[in-house]
1. I need a count of the residues in the range 231-278 that are surrounded by 14 or more Cβ atoms within 10 Å (Cβ to Cβ), within 10 Å of the ligand (Cβ to nearest atom) and not in a loop (DSSP other than H, G, I, E, B).
2. Suppose we filter the range 65-119 for residues that are of a type in the set (S, T, N, Q) and either closer than 22 Å to Ile283 by Cβ or exposed (fewer than 15 other Cβ atoms within 10 Å of the Cβ) (or both); how many remain?
3. When you go through (1) modelled with pLDDT of 95 or more; (2) under 28 Å from Arg190 (Cα atoms) one by one for Arg64, which number turns out not to apply?
4. Would you mind stating whether Ala127 is among the hydrophobic types (A, V, I, L, M, F, W, C), within 16 Å of the ligand (Cβ to nearest atom), touching a residue at least 24 places away in the same chain (Cβ under 8 Å) and not in a helix (DSSP H, G or I)?
5. If I filter the range 10-42 down to residues being in contact with a helix residue (DSSP H, G or I) (Cβ under 7 Å, 6 or more places away or on another chain) and near the ligand (Cβ under 6 Å from one of its atoms), which single residue comes out as nearest to Gln134 (Cα to Cα)?
6. So Trp171 ticks every box in (1) touching a Phe, Trp or Tyr at 6+ places or on another chain (Cβ under 9 Å); (2) assigned to a loop (DSSP other than H, G, I, E, B) but one. Which box is left unticked?
7. Scan the range 43-78 for residues that are away from the ligand (no atom under 16 Å from the Cβ) and among the aromatic types (Phe, Trp, Tyr) and report the count.
8. Take the residues of the range 132-152 that are more than 10 Å from the ligand (Cβ to nearest atom) and under 15 Å from Phe255 (Cβ atoms): which is farthest from the chain's Cα centre (by Cα)?
Amino acid sequence: MTGTAVVVGAGVGGLATALGLRRAGWSVSVCERRAGPERYGTAFGIHPAAQAALDRLGVGEAVRARAVPYRNAQIRTPEGRVLANLPLERIERRAGRAELMIPRPRLMDALLDAVAAFGDVPVAYGAPVSCVRQLAAANDLVVGADGIGSTVRAACFGGRGAPRFIGTVAWIGIADFESGVYGETWGAGRFFGITPIEPGRTNWYATVPAATTAEELRGYFDGWHDPIPRILAGTDPSEWIRYEMRHLYPALPAFVRGGRVALVGDAAHAMTPNLGQGACTAILDAEALARAVAALPPGGAPGRGAPGPGGLSAALRAYDAERRRSAQRVAFASRWLHRFMTVRRTGPRDLLIGVLPW
Ligand SMILES: Cc1cc2nc3c(=O)[nH]c(=O)nc-3n(C[C@H](O)[C@H](O)[C@H](O)COP(=O)(O)OP(=O)(O)OC[C@H]3O[C@@H](n4cnc5c(N)ncnc54)[C@H](O)[C@@H]3O)c2cc1C
């Protein structure tokens, strides 16, 4: 059984959902408020489970071709003392594949190419959605993939889940040299992360209590171990991205509404980036939603106005059951990790890091 779906938002979650639904035989269109595909953004970590979901969406190879493996990374003190290894080797051993890092624009390219290859999935840019009811009247399924400030979520749940500022500021950027030193350095109320992104370049991110200028940010990491000051001194601040850390609070009671609307990605569960799961969870949502919808029994309309065990509303409930608790657990853990990483009394934390089974 197939139907018509409109996806609101052409970010990672929206494009992956459009791809999955189209592969399931649905007629799909995408509305994006931005004027065109956005080329900015630094690196995303893609965990093995999200890689498997990308395989099921038919883009695993294309993503792997644009990504680099992330191995051998440590947690350090600002002086450079190693406190622990990040569990990348364990993850790789268990999953049989390495964690990957990919520049956001390259992941977007892989998804856009796969969507475009169908030739019949229109992606309308400069098309902000404001009236969800209108979309629902014209389509069997509306997917809210419109990020942390989701219009679709607000239409379904009002103010029950809203972006909440958590009191720190993040800066991200890319250095034009290969660091060779990877991982995270945790100080008092601030931290700095360094990962591979592509040959010859290094992805970095920093979180501080407050900083509005590049000089303020550099000041926070003055005297930290190499290559942190070198990265901040050697990259152009006009290319850095600054954002206030927010997450969705409180957690939503459902990722679906009325048997016709589903939320994916940040629209459903925006989280702090500490576990590197923002893109991964959006991909897992997209693939799970498409799989649930693809499992609808053949014949008849997809349950419009007639929720029932064989209808679309049952598929959406299955999606909600598979993804909501899991994604919300990740969001909670990420928020907890953010607190742990930004405590001001570092002594007890650093001792604990040393004894935790990473
Ligand atoms: C341009 C951009 C750059 C980013 N760079 C990074 C980065 O470098 N590192 C990082 O960790 N995370 C970054 N993120 C966030 C990251 O992409 C997401 O947290 C994660 O991938 C989940 O994706 P998502 O598709 O759910 O949400 P998003 O990636 O936020 O995508 C949501 C999309 O919906 C669109 N949209 C919003 N409202 C409407 C509306 N009313 N009508 C139509 N369209 C709408 C937005 O323009 C956006 O394209 C970036 C996001 C964007 C949009």
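1. Residues flagged as surrounded by 14 or more Cβ atoms within 10 Å (Cβ to Cβ), within 10 Å of the ligand (Cβ to nearest atom) and not in a loop (DSSP other than H, G, I, E, B) within the range 231-278 amount to 7.
2. In the first step, residues of the range 65-119 are kept if they are of a type in the set (S, T, N, Q); the result is 72, 74, 77, 85.
Remaining after also requiring either closer than 22 Å to Ile283 by Cβ or exposed (fewer than 15 other Cβ atoms within 10 Å of the Cβ) (or both): 72, 85.
Matching residues across the range 65-119 total 2.
3. So the condition that Arg64 fails would be (2).
4. Details: among the hydrophobic types (A, V, I, L, M, F, W, C): yes; within 16 Å of the ligand (Cβ to nearest atom): yes; touching a residue at least 24 places away in the same chain (Cβ under 8 Å): yes; not in a helix (DSSP H, G or I): yes.
Against the criterion (among the hydrophobic types (A, V, I, L, M, F, W, C), within 16 Å of the ligand (Cβ to nearest atom), touching a residue at least 24 places away in the same chain (Cβ under 8 Å) and not in a helix (DSSP H, G or I)), Ala127 qualifies.
5. Gly13
6. Going through the list (1) touching a Phe, Trp or Tyr at 6+ places or on another chain (Cβ under 9 Å); (2) assigned to a loop (DSSP other than H, G, I, E, B), Trp171 breaks only (2).
7. Number of matching residues: 0.
8. The selected residue is Leu141.
The values are calculated or read from the model by the stated rules, or taken from the named source; none is laboratory data. A quick note: this is a predicted structure, and the numbers were derived from the prediction, not measured. Note that each Cβ is placed from the backbone with ideal geometry, even for glycine, and that neighbours are counted across all protein chains shown.
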